[in-house]
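All of the numbers you see were taken from the coordinates with simple rules; none came from a lab. Since the model is a prediction, treat every value here as computed from it, not as a measurement. With ideal geometry, Cβ positions are generated from the backbone for all residues, glycine too; neighbour counts draw on all protein chains shown.
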Amino acid sequence: MDLAELQHAIEELPDDQQTALATWLIQRDRTRWDDQIERDFSLGGAGMDLLQRVKGQVRKGESRPFSEGRHRT
């Protein structure tokens, strides 16, 4: 089945089944995103260099953690 056929089949579903499918797709994407973030920011992950740079900026006073809120000028 190609994409056009799949789209047509989805259009033929009753509204409640289309909603259930959309809900499932959203949940699946959220789970995949969470898994990717977990991998990236675990020891040796692709995001660890960035995290260490940000922590260094915070230590130097160049940045503030989100938990301290937004700086008002």
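Here is how the numbers come out for the structure above:
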{"read-out": "Alpha-carbon Rg/Rh ratio, for the chain, with Rh computed the Kirkwood way", "value": "1.29"}
{"read-out": "Span-rule helices in the chain, defined as complete DSSP H runs reaching 15 Å or more along the axis (Cα) with Kyte mean at least 1.0", "value": "none"}
{"read-out": "Exposed-site-free run, longest, the chain (rule: trypsin sites (Lys or Arg not before Pro); DSSP loop; at most 12 other C-beta within 10 Å)", "value": "1-59"}
{"read-out": "For the chain, size of Cβ-based charge dipole, Lys and Arg +1, Asp and Glu -1, in debye", "value": "1140"}
{"read-out": "Furthest towards positive pole of dipole, ILE26, PHE41, VAL54, structure part the chain, Cβ charges", "value": "VAL54"}
{"read-out": "Ellipticity estimate at 222 nm from DSSP helix runs (n ≥ 4, -39,500 (n - 2.57)) divided over the chain, nearest 500", "value": "-22000 deg cm²/dmol"}
